[in-house]
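> Supplied in structure tokens, the structure appears directly below.
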Amino acid sequence: MPWALSEDSAAFFGATAGRAIPLFAAGDHAGALDAFLTGAFGPGYRRALDRALPDAWSTAVKDAPTAFAVELPAVQQWDVGRDDLGRARVPTLSVVINEPRWPGFGETHAALQDAIPGCEGIVVDVGSHLLQVADPGRVAAVVSAFLARHPLT
């Protein structure tokens, strides 16, 4: 949601991708992935990832061609805007971290709450975008409470 990001947040994302994409183009899939995920999750993300999901890194490196050649270009072409989100009529939960390193998480969280009618928002105080890996119990409790308030029909 580029429209939700400040100029500084968009520049941070662009710089992160700008470090990763040339590495991927040169065939260094592990280096590209590390550059991108360091930007997304912060330095030291591999410790949490390896502890919770021991084979995740090798799987991610194997899947890097899909991430960089398919998913990243698709995200850049995604044109869902505020008006599109404003038509949503389903219970929506936006969970975000308190991450001062990149304010884009908070900016997107605020934009979702502003654009989607009735969007519920919660900030989980986990210092990484890997919140579901760093503190799965807390994230599960938040999602479980939301689903209890909005049972599937």
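> Cα axis of helix 136-149 to longest principal axis of the chain: angle in degrees, 0 to 90, nearest 10?
Taking the Cα atoms of the chain, the angle to 136-149 is about 30 degrees.
> So if R0 is 35 Å, what FRET efficiency would Q76 and T153 give, r being the distance between their Cβ atoms, rounded to the nearest 0.05?
After rounding, the FRET efficiency stands at 0.50.
> Also, I was wondering about something else. Can you compute the charge dipole magnitude of the chain about its Cα centre, using +1 on each Lys and Arg Cβ and -1 on each Asp and Glu Cβ, nothing else charged? Give it in debye, rounded to the nearest 20.
That gives the chain a dipole magnitude of about 340 debye.
> How large is Rg/Rh for region 2-77, to two decimals, with Cα atoms and a Kirkwood Rh?
That ratio is 0.99, to two decimals.
> State log₁₀ I(q)/I(0) for region 82-149 at q = 0.19 Å⁻¹ as given by the Debye formula over alpha-carbon point scatterers of equal weight, solvent excluded.
The computed values of log10 I(q)/I(0) come out as -0.77.
> Something else now. Between (i) 1.01; (ii) 1.16; (iii) 1.12, which entry matches Cα Rg over 2.2 N^0.38 Å as derived from the coordinates of this structure?
(iii)
> Next question, about the same structure. May I ask you to order 77-89, 58-70 by the average number of other C-beta atoms within 10 Å around their residues, highest value first?
Listed from highest to lowest mean packing, they are 58-70, 77-89.
> By how many degrees, 0 to 90 and rounded to 10, does the Cα axis of helix 104-115 deviate from the longest principal axis of the chain?
Rounded to the nearest ten degrees, it is 30.
No lab work stands behind these numbers, since they all come straight from the coordinates. The shown structure was predicted, so the numbers you read here are calculated from the model rather than taken from an experiment. In this analysis, Cβ positions are derived from the backbone assuming ideal geometry, glycine residues included, and neighbour counts consider all displayed protein chains.
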